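Since the structure comes first, as structure tokens, the remarks are kept for the end.
Computed from the coordinates by the stated procedures, all read-outs in this text should not be read as laboratory data. Given the structure is predicted, the values throughout are model-derived calculations rather than measurements. Glycine gets a Cβ as well: all are built from the backbone with ideal geometry, and neighbour counts include every protein chain shown.
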């Protein structure tokens, strides 16, 4: 072999040997892609026999809900680090919706059906096992000017739930925008700035951002300054701009482009401070001011008695305050104390505030077990075709208060947290917390009155049937009705008292014994001024033989007789009388709730991998919610009477080598004994009424002003349901 080839071969081997050790290190510094994932399988079973979707609840028209079915989701998690300064993340995610196992892969289907129950098969993305790109974002950390920039999907949970809250709509990172974050002075000052593309599905009047949505956005900025180890101060500002293309009457020259005109604008500003005095005292305060303006042409100018929108109409401006004081075991005996004072304005509007998964108040609030006006947990059930969706048992998770009427409990199951609006609430909460060894105790007393205590929405010169306030389901029933903040007449006060405890018995692995006692006393006089009564005194004869149309006007041409009309005469069993009681007294619409719950349960770690618990809860509600003169605004089934509800809950959690199994089963049963007062003549249900309202032929009741049926029979409820899941990560 020629010498020059030997020399070249030796040089090549030497170079290879020199370079080989460096290759792994160089590869480690190069781009890397990590792929992980989660598969989540859910089983639902219940005796409502609904199968519209694999979620228990929704309020969205055209979406299904159900308590039966099995389905599987797949989520692939992608993460790529291109360098120390660039990271990319994303998800490829399927969705439960109507992807039942019984769809057999999503084939077939009829596109002419309403597209619930999986009936549309492969013709609808909610049932054809589609997969979507979600959570795609690029994070840059340049090392100068800013700490980081995130471009793309985000849940924006780093802001403030009163202003820009964690955004979730089925998934928690559907929102997209640009987030810049920075700091200075050794991070004693931090700041966040963002532009969020406005969610067109809900972030504007009538749950819409109008026809032109592509440039609609929310802009936010917050900063925090640590002045010392004891004092932090901060500020936040958010501006929402929802605009439409200007009509020809405003801009008819398209040669120089097209102008925009505002549809909805919303600005919120806030100041916050946190003072720490030693290890025992924390004082936190926040105040916010909001401004909102909805164009009366491009969005609703007003609402009637029942209006649905995430924001009031017109121009609104208001303030919100919150002060928290925490004493951290000052006596060194395991006893701490939290005190919160709060006032959320009736006209406080923050369209980007947290809609769920945040709790802005310390109080427990109302219970999700009574989430809707009707005794069965339905709404508008006085009319045919409005059955309960969530079921008699309601929600069993904790209740959370949010600072918006844009509350989102959609696509949830019964075991999840339940959100309710706190718009208009003001009051104080005292929350002692005690811990000593195996014993944990917490308590609460809250007094709540309301900035929405008013007559005729605080404007007696305008018809209450033409109001800027969307009332949703209004406020009758045992519970709060989670998205209701407004009703035309209100004079309301609420007292809440709670004691919760947990004790670990030193038996075997340790038995967790837990319990809870809760009381709510709530009054609402509603109409509290005789000038708002619908008719003049003496308009209806006391012998039940008829009424005269002697309307009582609280202002020229304005009268509550538009809603609370006088009754007609009915005959039953040879008697004649009023179809419902005439509205003649300020007491006819009064509300008095005496509510109590008692819970007792135990849990045990059966094995290293399996934990199970069993609990029983008794709900008692003695409610006077107006008589037949008021009749729940003629919108819902009346709930005046005695409610006796029982709930047995079984929970279990099992871990097997990276796979998690969970289960919650509930058996809810109880009775409702109606007490609608006197002053009217009950009639009986005929064949059609019995079929429409699921009552017995010949059972007593009465028809309300709009023809809806209220039964006077004692109702008995039985509701059982189960949710089980399997979650595997890989």
Given a Förster radius of 35 Å and the C-beta distance between residue 729 and residue 337 as r, what FRET efficiency does 1/(1 + (r/R0)^6) yield to the nearest 0.05? 0.30
Which whole-angstrom value gives the distance between the alpha carbon centres of segment 583-604 and segment 250-282? 40 Å
Select one label from (i) 1.03; (ii) 1.39; (iii) 1.31: the one whose number is Rg/Rh (Cα atoms, Kirkwood Rh) as derived from the coordinates shown. (i)
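Taking Cα pairs under 8 Å and at least six residues apart, what relative contact order does segment 31-140 come out at, in percent? Present the calculation step by step, with values, prior to reporting the outcome.
Values: 269 pairs, mean separation 27.6, N = 110.
Answer for segment 31-140 is 25 percent.
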With 0.36 nm assigned to each residue of separation and the Cα-Cα distance removed, residue 59 to residue 283 gains 76.7 nm
Between residue 614 and residue 573, what length comes free when the chain is fully extended (0.36 nm per residue of separation minus the Cα-Cα distance, one decimal in nm)? 9.8 nm
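Rank by packing, highest mean first: peptides 642-649, 145-152, with packing defined as the count of other Cβ atoms within 10 Å averaged across residues.
On the way: 642-649: 18.8, 145-152: 15.6.
Descending mean neighbour count gives 642-649, 145-152.
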Length-normalised contact order for the chain - Cα pairs under 8 Å, 6+ apart - percent: 9 percent
Between segment 63-88 and segment 455-500, how far is it from one alpha carbon centroid to the other, in angstrom? 39 Å
Sorted by average packing, counted as other Cβ atoms within 10 angstrom per residue and highest first, what order do 118-129, 294-305 take? 118-129, 294-305
Just report the Cα centroid separation between segment 122-197 and segment 670-693, whole Å. 53 Å
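First measure r as the distance between the Cβ atoms of residue 158 and residue 231, then evaluate 1/(1 + (r/R0)^6) with R0 = 25 Å and state the FRET efficiency to the nearest 0.05.
Details: r = 21 Å, r/R0 = 0.85.
With R0 = 25 Å, the Cβ-Cβ based efficiency is 0.70.
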Based on the mean of other beta carbon atoms within 10 Å per residue, what is the order of 568-575, 668-675, most packed first? 668-675, 568-575
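By how many nm would the segment from residue 80 to residue 646 grow when fully extended, if each residue of separation counts as 0.36 nm and the alpha-carbon distance is taken off?
Numbers: separation 566, 0.36 × 566 = 203.76 nm, distance 5.12 nm.
The span from residue 80 to residue 646 would gain 198.6 nm if fully extended.
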Report, to the nearest 10°, how far helix 3-19 tilts away from the longest principal axis of the Cα atoms in the chain, using its own Cα long axis and a range of 0 to 90°. 30 degrees
Under the classification rounded if a/c is under 1.5, otherwise prolate if a/b is larger than b/c and oblate if not, where does segment 196-278 fall, given a ≥ b ≥ c as square roots of the Cα gyration tensor eigenvalues? prolate
In terms of the Cα gyration tensor, with a ≥ b ≥ c the square roots of its eigenvalues, is segment 31-140 rounded because a/c is under 1.5, prolate because a/b exceeds b/c, or oblate? prolate
With a ≥ b ≥ c from the Cα gyration tensor eigenvalues, square-rooted, and the rule rounded for a/c under 1.5, otherwise prolate when a/b > b/c and oblate otherwise, segment 593-730 is prolate
For labels at residue 622 and residue 519 in the simple 7 Å Cα→Cβ model, what's the distance in nm? 1.2 nm
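If each DSSP helix of 4+ residues adds -39,500 (n - 2.57) and the sum is divided by the residues in the chain, what number results at 222 nm, nearest 500 deg cm²/dmol?
Details: 3 runs with 32 residues, N = 730.
Calculated at 222 nm, the ellipticity per residue is -1500 deg cm²/dmol.
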What number, in percent, do you get for the relative contact order of segment 287-331 if the mean sequence gap of Cα pairs under 8 Å and at least 6 apart is divided by its residue count? 51 percent
